[in-house]
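Remarks on the structure that follows.
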Amino acid sequence: MHHCMHCENTPCANNCPANAIERRKGGQVVIHQDLCVGCRTCQEACPFDVPVYDQTTNASYKCIMCYDRVESGLRPACVSSCIGDALISGPRAEVVAEARKRAKRYSEQFGKEYIVYGADKINDYVGRTGWMTIVAAEEMEKYGLPKNPVVSSMALRQTCKTIGVGASAAVALGAGAHFLYWLANRKEVLAAREKEGGHE
Ligand code: SF4
Ligand code: SF4
Ligand code: SF4
């Protein structure tokens with residue numbers, strides 16, 4: 001299971017026959033467990049292999065970017081508890097600016113190009129992402145971050161046929177916000193931190 005990228009264009013929601021997936025105003029993509037009918041179409045539609053089906057509840061689940069905490073003015077739980085400052089959250093522009101700053105620094109320090117995956121539109125299928133990742137450009141695929149994340153339309157058609165319903169859209173558009181998950185090589189960054197004698 002990979003981490004939900006909170007895709008701007010929400011392919012999972014666009015294909016959920018039960019309208020159980022919502023994109024909140026802050027950009028968080030949420031599966032509403034009470035509406036989910038467990039058909040698993042979202043698994044087929046997700047190019048990052050994210051939603052997980054739970055047999056005991058007959059529903060799919062994934063990271064909800066702690067939307068309830070965020071909407072109450074708190075940070076996501078994982079960000080609050082991360083002592084290494086590896087995760088940051090906040091308004092999109094601020095997060096992107098900080099991520100680009102770090103990517104530039106890593107590029108200089110490690111002599112290879114680091115990018116912020118998801119800061120810019122990746123493709124039409126997913127758009128930009130709410131969960132962004134700093135990663136060495138040459139290592140994207142290794143971390144499950146494809147240059148062109150798509151799924152075969154055949155797989156989707158097959159799933160829809162199996163459950164006997166068509167795809168429907170359930171996208172709540174809103175201002176994109178939030179998040180950075182930093183995934184660069186931990187060893188390299190610890191070395192850089194030691195060298196600087198300070199904070200990442
Ligand atoms: S990563 Fe997958 S589950 Fe998450 S928003 Fe994108 S398509 Fe949906
Ligand atoms: S399992 Fe089916 S009903 Fe549940 S969120 Fe995924 S696509 Fe929607
Ligand atoms: S704690 Fe982090 S990973 Fe878990 S739901 Fe909240 S944002 Fe997602």
Which of the residues belonging to segment 102-118 are among the charged types (D, E, K, R) and farther than 8 Å from I134 by Cβ?
K104, R105, E108, K112, E113
Might you let me know whether segment 83-91 holds any residue that is in contact with a strand residue (DSSP E or B) (Cβ under 7 Å, 6 or more places away or on another chain), within 16 Å of ligand 2 (Cβ to nearest atom) and within 19 Å of M5 (Cα to Cα)?
no
Check every one of the helices (runs of 4 or more DSSP H) wholly within segment 24-103 and list those with 1 or more residues that are within 14 Å of ligand 1 (Cβ to nearest atom) and either open to solvent by 70 Å² or more (accessible area, probe 1.4 Å) or farther than 21 Å from G144 by Cα (or both).
41-45, 67-71
Considering A170, A177, A119, which residue is under 22 Å from Q28 (Cα atoms), more than 16 Å from ligand 3 (Cβ to nearest atom) and modelled with pLDDT under 60?
A170
Residue list for segment 60-76, restricted to those being more than 6 Å from ligand 3 (Cβ to nearest atom) and under 26 Å from N15 (Cβ atoms)
S60, Y61, K62, Y67, D68, V70, E71
When you scan segment 124-145, how many residues do you find that are open to solvent by 20 Å² or more (accessible area, probe 1.4 Å), among the aromatic types (F, W, Y) and at pLDDT 90 or above?
1
Quick count over segment 26-41, residues being within 16 Å of ligand 3 (Cβ to nearest atom) and either within 19 Å of V126 (Cβ to Cβ) or small (G, A, S) (or both), is 6
Pairs, first over 19 Å from M5 (Cβ atoms) in segment 53-76, second more than 15 Å from ligand 3 (Cβ to nearest atom), C-beta under 6 Å, six or more apart
N58/G38; A59/C36; A59/G38
Given the condition open to solvent by less than 50 Å² (accessible area, probe 1.4 Å), within 19 Å of A13 (Cα to Cα) and touching a residue at least 40 places away in the same chain (Cβ under 8 Å), answer yes or no: does some residue in segment 104-123 qualify?
yes
All positions within segment 1-10 that are within 11 Å of the chain's Cα centre (by Cα), open to solvent by 20 Å² or more (accessible area, probe 1.4 Å) and within 16 Å of ligand 3 (Cβ to nearest atom)
H2, H3
Of the residues in segment 11-23, those that are open to solvent by less than 60 Å² (accessible area, probe 1.4 Å) and either more than 16 Å from ligand 3 (Cβ to nearest atom) or aromatic (F, W, Y) (or both) come to P11, A13, N14, N15, C16, P17, A18, A20
Taking first residues from segment 78-97 that are within 17 Å of G118 (Cα to Cα) and second residues anywhere that are open to solvent by 60 Å² or more (accessible area, probe 1.4 Å) and within 12 Å of ligand 3 (Cβ to nearest atom), the pairs with Cβ under 8 Å that are 6 or more apart or on different chains are A86/Y181; L87/Y181; S89/R75
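The values are calculated or read from the model by the stated rules, or taken from the named source; none is laboratory data. If you're wondering where the values come from, they're calculated on a predicted model, not measured in any experiment. In this analysis, Cβ positions are derived from the backbone assuming ideal geometry, glycine residues included, and neighbour counts consider all displayed protein chains. These accessible areas exclude ligands, DNA and RNA; they are computed on the full protein's heavy atoms, side chains included. Shrake-Rupley method; radii C 1.70, N 1.55, O 1.52, S 1.80 Å.
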